[in-house]
Structure formats: C-alpha cells, structure tokens
Amino acid sequence: MPPLRLLERGSADWPGCLAHLGATEPRRLHVRGPLALTAACTPPAVAMVGARAPSAAGERFARTLARELAEAGVSVISGLALGIDAAAHAGALDGRGRTVAVLGCGIDRDYPRRNAALAARIAATGAIVSEWGPGVEPAPWRFPVRNRIVAALAQATVVVEATRRSGALITADHALALGRDVLAVPGAPWLELGGGTLALLRAGAAPVGSAGDVLDALGVQMAVEPSRLEPPAGVAGVLWSELRRRPRRRDALALATGLGADVTSAALAELELDGLVVEERDGTLSAMEPGRGRPVNSRSEGA
C-alpha cells in the first residue's frame, strides 16, 4: 500500500474548495496516492456518480465519458463504489488523467473488495481520500456523509443512471447546495434506473449526451488527438477488428483469431489502455470507435 498522507485544514496542501462546505468542512483528510488534491480540484474537475448496479450500456457510457473528459484535462472525482463510480475511475485511468476516489470508510480499507485492483491503480497515479483514519469500518451512514466531499471537490456533478432513491442524488443535492452545476444522462423513462436522472432533468439539470456537453458546462474546449482517429495495427488491430465485427469473451476471441492466450491478453491490455476496447461486467469485450468512444457493435455474445 502506498504511504499515507495526512492533510490538515488550513495547510498549504489543503484543497480550498472544501471551505465552501462551511460547518461540515472536514478537519483533516487521509490520502493514499501521489496526486495533490490542490491540483486535482483545480478547475476543471467533475464528479461522476450513479447506480451501483447500472445497465451494461450505462456503465460503458460512464467509462467512455470519463475517459474523454480525462483526455481533455478534466479531473474525475467519484466514490469508488461498484457500478458507475468504478466505471468513472476506470475511464479516467484509460484516458491517463487525474482521478480522486473518496471513501466511506477508513483510508486503509479497499471497499468494496471487488474494487481492490482498481483502488491500487488509482493510488498509483491519483489519490484515494477519506476523512476517516486507518481501521474505521464501512458503515451505511458514512457513504452519504462522504458524498459532500465528492461534490465539493468538483465544479460540476454528472449523474449517470440512478433510481429515485439512489445515493447519487444525495451528491447532486450537495452540489446544488454549493451552487455547482448538476448534469444528468437521460435514461429510458420506463426503467427504474432512469427515474432519478429524469427527476433531476425535470428540476433543471442539464442533459448530457456526450463529453462535449460536460466540457461546455465547464468552459473547456475538447481536442481530439489525430492518432486516436486511426485504427490500431498489428496483433491489436486483428483483435480490435474481430471485436468490431462481434463482441466476444476473451477465450472466444483467442479461439476466433487463432492467437495464444498470452498474446491476446497483452494486446487487449494495450487496447483497453487506449480506450479502444471495454470489458462488460459479464466479461464480454466490445470494440470502441477510435477518437469517439462509442461502441462499434453493441450485440453481446453468450459464449
């Protein structure tokens, strides 16, 4: 585990944006990772939150959105929960950008355990933050409390899929109380996962259909790297082309291309790092369009 840092309120490395919390501003923060919070919350920074059990499409959209925002120089703040939070952090890492995870437990805990590998990736280049020191167990009441810090570290909050009782709406409420922008990704109105975002949109939240909408709210101009507009070459290109034709699981992909498991894994790691392949929760891999972050083919394979 990376060394822990303790930040005291009023110190030079204390993020000034937390002062807007007033009486609820934390007195200290424990930090894992090299990223300075003063740099992370310097505009532009956006909080991304949403359902813990999102749809596959919603999770994919969140990861792509976070990647494109990170590539544009935007810090991505979230809570390291399952679902949309994890997708947001992973997307920011895909885009080689800054990401901060705010915990609802002690700084030494990777919670939930399923996100331990993701937490290690964040701690390697970004920052994991908690107002609770080592040994503090996760408790249901701590997560809504930590949401105020998620909202305060960012200039805007984006909600991707949420029920009407989702904890993500608590983060949105904190953002509104702080005078920050709230944006929501429209969802299907007949699905429960769209109920929370629909309520936000009715209340005046700005709709999000792409990274450009978020960047407009932040006053940032998006630049697309020319290299991202070219398809991959070599072994990575073979795998990407096969996934472009049809999403597959790793074993099915290796079988279809005739490539060994080691070669396939190495090339897939390269494609995922470049944001050209995403893996769904069921293990299905999908190809993404270069420079656009949209799935080329959304059909999934059962094998």
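The values are calculated or read from the model by the stated rules, or taken from the named source; none is laboratory data. All values derive from a computational prediction rather than experimental measurement. When we count neighbours, we look across all protein chains shown, and the Cβ atoms used for this are built from the backbone with ideal geometry, even at glycine. Areas reflect the complete protein model, heavy atoms only, side chains present, ligands, DNA and RNA absent. Shrake-Rupley method; radii C 1.70, N 1.55, O 1.52, S 1.80 Å.
Tabulated values for the structure
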read-out	value
Carbon + sulfur, % of accessible area of segment 54-95 - ligands and nucleic acids excluded, 1.4 Å	59 percent
Viscosity 1.567 mPa s, temperature 4 °C, Stokes-Einstein D of segment 41-87 from Kirkwood C-alpha radius, µm²/s	121 µm²/s
Heavy-atom surface of the chain, accessible at 1.4 Å and reported per residue (Å²)	43 Å²
Dipole magnitude (debye, nearest 20) for the chain, charges at Cβ of Lys, Arg, Asp, Glu	520 debye
Most to least packed among 80-91, 110-121, 125-136 [average Cβ atoms within 10 Å]	80-91, 125-136, 110-121
Added length on full extension, which subtracts the Cα-Cα distance from 0.36 nm per residue, GLU280 to ARG202	25.0 nm
Segments 262-273, 190-201 sorted - mean Cβ within 10 Å per residue, highest first	190-201, 262-273
Between helix 261-273 and the chain: long-axis angle, C-alpha atoms, 0 to 90°, nearest 10	50 degrees
Relative contact order (%) - criterion: Cα under 8 Å, at least six apart; region: segment 1-85	29 percent
Extension gain from TRP141 to ARG27, taking 0.36 nm per residue of separation minus the Cα-Cα distance	39.2 nm
Projected-area average for the chain over all orientations - Cα convex hull basis, square nanometres	15.5 nm²
Alpha carbon centroid spacing (whole Å) that separates segment 80-117 from segment 231-271	27 Å
Within segment 107-135, backbone nitrogen closer than 15 Å to the virtual label 7 Å beyond the Cα of LEU4 toward Cβ	107-111, 128-135
